[in-house]
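Read-outs: derived from the displayed coordinates by stated rules, not from any lab. Note that the structure is a prediction, hence the values are computed from the model and not measured. Cβ: placed from backbone, ideal geometry, glycine included. Neighbour counts: every protein chain shown.
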Amino acid sequence: MPYFTLFMALFFISTSAIFVKWAETPIEAVAFYRMLFSTLLLLPLIRLKELLQLSSSTIRHMLLSGILLAGHFWLWFLSLDYTTVASSTLFVTASPIFVLAGNALFFKQHPSRKALLFVAVALFGGGLVAYGDIAVGMRALIGDGLALLATILVAGYWLLGQHVRTSVSTNLYSFGVYAVASLVLLLLSLIQSTNLVAAFQQDWWLYILLAVFPTLLGHNLFNWALARVSASIVSITILGEAVWGMIFGYYLFDEKLTWIQITGAALLLIGIGLFLRRNERDIREQLAQRESATSQSS
C-alpha cells in the first residue's frame, strides 16, 4: 500500500508544471493562490489546542520555512516562462544534493567519498542539460538558473522541515508554512502591482487544481508515506518527477528534447539515485559505529 501511495503522490506532484504552463495570469498570482487555497483546505484539519502550544522557536522555524517555500514557488514558476518543463523540473529534482550540503554544514552528517562521486555524476548530468539549453538560447539558460535557485530554497525548506516535524503534526506544519508563504507571495504580488482580482477571475479553476493535486494530494501523500517507509525511498521516488516532466512537456507542450539533454537527464537521475542509496548506507554505518562506541565506553 505505501508504494502504491508513493506512485500516486509522484503523479500528482508532477502535474504542477502542467497547470502553471496552462495559466495565463502572472506567476505571482499563480503562486499566491496555490498557497492560499492549500491553506484554506487544510484549515478544518487543524487542532486549535496544538496550534496554541507551539513554542516560539518552532514558530520562527515555520516562518522561515514559509518564506523559503514562497521563494521556491515564485522562482520555479518564473523559470517555466523561460525554459522547458523538462529542464526546469530536472533542476528542481536535484534538491537532494543541496540537502546533503545543508546536513553536512548544519547537522555534521558528512557523506562518504563514494556518495560525493555520485553527486559529481549528477552535477555533470545537470551541466549537459544546461549545455543543451544553450543551443536553444540564452533565455532557456536563464530559466535553468532560476530553477536552480528555486532548488536551493526548497532544500532549505526541507532541512527546516525535518527538524520542525519531530514536534509538530504534518497538517499543522503544512498549514503554518502555507499560510506564511501566502502572505509573502501576497506582498510580492502587491509590489509587482499584480491584479489579483482579475487573475482570480481568469484562472481560478487552475489555482484550485494546483492546491488539490500537486500540493494536498502530492506533498501530503508523501508526508503520509514517511511514517511507513524510509525518507530515502521517498526521495528516490520524487526523482521520477523529472521523467513525468519530460513526458508532459513532450506530449502536452510539444517541447523537443535533444540527445544531449536526454543523456544529461539520465546521468542526473542515476547520480542522485545512487547517491541517495549510498547515503542511506553511510548513515546506517555511522549509527552502528556510534552504538558500538557507546557500548564499549559503558
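Quick notes
- Highest average packing first - 18-27, 243-252, 73-82, Cβ atoms within 10 Å: 73-82, 18-27, 243-252
- Placing a pseudo-label 7 Å from each Cα along the Cα-to-Cβ vector at Met8 and Ile59 gives an inter-label distance of 3.7 nm.
- In terms of packing, defined here as the mean over residues of other Cβ atoms within 10 angstrom, the peptides 209-220, 159-170 line up highest first as 209-220, 159-170.
- Tyr250/Phe124 FRET efficiency (R0 25 Å; Cβ-Cβ; nearest 0.05): 0.60
- 3J(HN,Hα) couplings calculated from phi for the stretch 156-162 with the Karplus curve 6.51 cos²θ - 1.76 cosθ + 1.60 (θ = phi - 60°) are, in sequence order, x, 4, 5, 4, 5, x, 5 Hz; Gly and Pro show x.
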